[in-house]
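Trainee: Right, I'll just put the structure down here and ask away after.
The values are calculated or read from the model by the stated rules, or taken from the named source; none is laboratory data. Computed from a predicted structure; not experimentally measured. With ligands, DNA and RNA removed, areas are computed over all heavy atoms of the protein, side chains included. Shrake-Rupley method; radii C 1.70, N 1.55, O 1.52, S 1.80 Å.
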Amino acid sequence: TDTAAANTLDDYEEGTWTPTIQSGGTVNNVIKAIYTKIGNMVHAHVYMTFTATNNGSMFAIGGLPFSPIASQHGGGSVQYMAGFNFSNFSGPLVASNSSFYFHRRDGTGAPVSNSVFGGTSQYIIVQLQYQI
């Protein structure tokens, strides 16, 4: 049986995306925000500086290029966070509203809030993978 059609590359796309700070704050500089979509899988990368508003709202970076499946979370890894100890946080979790966020790893399971960043400029590099 010929399976070539079933194995062909389906719906390939590359591009850029525009990150936002979901609950108050400013994207200061986007060094790179790119994605690759192959079929129903998206790989996104962002290298940016931001200043989160010093408040208790959940910290999230939005603007991902595609909305993920609502009942599933994608994930990824933090490659770099300048001057900040990120060891007590989960890897990034992709949410159904086209954003990603972090949970604390201190037994509370609480999401990381904007106030953790203290209203100061931060650098971050993140890789993400999620299904659409």
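Trainee: When the accessible area of region 18-119 is computed with all protein chains present and a 1.4 Å probe, what percentage of it is carbon and sulfur? Spell out each step's value before the answer.
Mentor: Working: 2280 of 4610 Å².
Carbon with sulfur: 49 percent of the solvent-accessible area.
Trainee: Under the rule of at least 5 residues apart or a separate chain, name every residue whose amide H is placed under 5 Å from the amide H of THR20.
Mentor: GLY62, GLY63
Trainee: Next up: Report, by chain and number, residues whose modeled amide H sits under 5 Å from the one on ALA95, excluding near sequence neighbours (fewer than 5 apart, same chain).
Mentor: PHE100, TYR101
Trainee: Near the amide H of THR26, under 5 Å away, which other amide H atoms are found, from residues 5 or more places off or on another chain, if H is placed in the peptide plane?
Mentor: Amide H neighbours of THR26, under 5 Å, 5+ apart: THR51, ALA52, THR53.
Trainee: Running a GNM on the chain with Cα contacts under 10 Å, which residue among GLY62, GLY83, GLY25 ends up with the highest mean-square fluctuation?
Mentor: Greatest mean-square fluctuation among the candidates belongs to GLY83.
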